[in-house]
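The values are calculated or read from the model by the stated rules, or taken from the named source; none is laboratory data. Computed from a predicted structure; not experimentally measured. We place every Cβ from the backbone using ideal geometry, glycine too, and count neighbours over all the protein chains shown.
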Amino acid sequence: MSVRFALLGAGRIGQVHAQAITSNPAAQLVAVADFIEISATKLTQSFGGEVRSIDAIAASDDVDAVLICTPTNTHADLIEQFARAGKAIFCEKPIDLSVDRVVACLKVVEETGAKLMVGFNRRFDPDFAAVKETIEAGRIGVVEMVNIISRDPGAPPAEYVKTSGGIFKDMTIHDFDMARFLLGEEIDSVMAAASVLVDPKIGELGDFDSANIILTTASGKQCSISNSRRATYGYDQRIEVHGSLGMVAAQNQRPINIEIATADGYSQPPLHDFFMTRYVAAYAAEIASFITLLTQSTLSITPNGNDGLQSLAIAEAALKSVYEGRAIKLCEIH
């Protein structure tokens, strides 16, 4: 069975997903919609399909599932529209910037019985997935502590910051999902500190560019997260999980993984420049997993709407912690 997709949003991440769809023999790109029609046209010229309006896609009999890659402020409305239209839905994170709006949206998903997957692609990265498999195999015993380092190569432009929802909802939200994924328990409390060290304009817009967060579960397991909007050496993505019997870690990846030794010492090629090259395999595996989940009805969708909700609630708690200078219980948020 081939899953027939429509892509909503022909921007940067939409192109990544178009590549993943058209590279998968079990998928077909049928239609593309974008608020800027020329962007949709250009994408169909590269990957196939035809340009349609969002309403036309919702009414289409030849579309099984939609990928929502539009601006964040449209996600919840589109999820509800396509849930009611009987389509399976993949939505990029976050579902919305408001916890209450996400709760209302997920109620519609539940009422309609729609299948919803949320785009936390890092779960599907081969190295990070191997870390999870090592944990589940019991090789490091009971997980006790997780350390996540996630640093962007450079700060985003001011126009992006204005609509991003802030560092915790835009950037750290991926790390919040990974924390839940690797700890295997829900987060009970959040303590966060954040500063503006990279770009004063980010501070002028009420956001931060440097942050450290400690997440704690009810049983006492901890996850520390270090974020920065600047890493002069490339896209820095590392994870370490410490358990009762040992440790498992995933180190940075490079386009070329070699090491050179000369009289001047050891050197390696630079890291990936950003997520579009670092997570190519993860995006492909993510879409492949979504297709499998749609074609095998006995499997549960993951990551799902609740995963999106929980990570957003943690982001809200982190921001509240920064402003109030105290640990925030998740029950205060949701």
Original post:
How many residues, within the stretch 80-105, are touching a residue at least 60 places away in the same chain (Cβ under 8 Å) and either farther than 16 Å from Leu294 by Cβ or surrounded by fewer than 16 Cβ atoms within 10 Å (Cβ to Cβ) (or both)?
Top reply: 10
Subject >> Residue count, the stretch 195-239 (criterion: of a type in the set (Lys, Arg), assigned to a loop (DSSP other than H, G, I, E, B) and closer than 20 Å to Gly165 by Cα) >> reply: 2
**OP:** Quickly run through the stretch 62-96 and pick out the residues that are within 14 Å of the chain's Cα centre (by Cα) and more than 15 Å from Leu7 (Cβ to Cβ).
**Re:** Thr72, Lys93, Pro94, Ile95, Asp96
**OP:** Starting from the stretch 173-184, take each residue that is over 13 Å from Ile214 (Cα atoms) and list its partners that are among the acidic types (Asp, Glu) and in a helix (DSSP H, G or I), counting only C-beta distances under 9 angstrom and pairs at least six apart or across chains.
**Re:** Asp177/Asp307; Phe181/Asp307; Gly184/Glu136
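For the stretch 275-320, give me each residue that is in a loop (DSSP other than H, G, I, E, B) and either at pLDDT 95 or above or not hydrophobic (A, V, I, L, M, F, W, C) (or both). Walk me through it before giving the result.
Here is the first cut: in the stretch 275-320, the residues in a loop (DSSP other than H, G, I, E, B) are 279, 296-304.
Across the stretch 275-320, the qualifying residues are Tyr279, Gln296, Ser297, Thr298, Ser300, Thr302, Pro303, Asn304.
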Subject >> Unique residue being touching a Lys or Arg at 6+ places or on another chain (Cβ under 8 Å), basic (Lys, Arg) and modelled with pLDDT of 95 or more when the list is Arg123, Arg101 >> reply: Arg123
Original post:
Going by the conditions given, is Pro303 over 30 Å from Glu144 (Cβ atoms) and of a type outside the set (Val, Ile, Thr)?
Top reply: no
**OP:** Filter the stretch 106-137 down to the residues that are in contact (Cβ under 8 Å) with a residue 12 or more places away in the chain and not in a helix (DSSP H, G or I), then identify the one that is surrounded by the fewest Cβ atoms within 10 Å (Cβ to Cβ).
**Re:** Lys115
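Test Asp170 against the stated conditions and say whether it is in contact with a Phe, Trp or Tyr (Cβ under 7 Å, 6 or more places away or on another chain), charged (D, E, K, R) and within 30 Å of Gly203 (Cβ to Cβ).
On the way: in contact with a Phe, Trp or Tyr (Cβ under 7 Å, 6 or more places away or on another chain): no; charged (D, E, K, R): yes; within 30 Å of Gly203 (Cβ to Cβ): yes.
When the stated conditions are applied, Asp170 does not pass them.
Quick one: which of Ala211, Ala261 is aliphatic (A, V, I, L, M) and within 19 Å of the chain's Cα centre (by Cα)?
Numbers: Ala261 fails: within 19 Å of the chain's Cα centre (by Cα).
Result: Ala211 is the single residue among Ala211, Ala261 that is aliphatic (A, V, I, L, M) and within 19 Å of the chain's Cα centre (by Cα).
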Subject >> Residue list for the stretch 1-19, restricted to those being among the polar types (S, T, N, Q), part of a loop (DSSP other than H, G, I, E, B) and buried (at least 18 other Cβ atoms within 10 Å of the Cβ) >> reply: none
**OP:** Only residues in the stretch 187-203 that are of a type in the set (Lys, Arg) count as the first member; pair them with residues that are surrounded by fewer than 16 Cβ atoms within 10 Å (Cβ to Cβ), Cβ under 6 angstrom, at least 6 apart or cross-chain, and list the lot.
**Re:** Lys201/Ala158
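Let's see how each residue does on (1) modelled with pLDDT of 95 or more; (2) under 28 Å from Val143 (Cβ atoms):
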| position | (1), (2) |
| --- | --- |
| Met171 | yes, yes |
| Glu186 | yes, yes |
| Ser189 | yes, yes |
| Gly206 | yes, no |
| Asn212 | yes, yes |
| Ser226 | yes, yes |
| Ser244 | yes, yes |
| Ile256 | no, no |
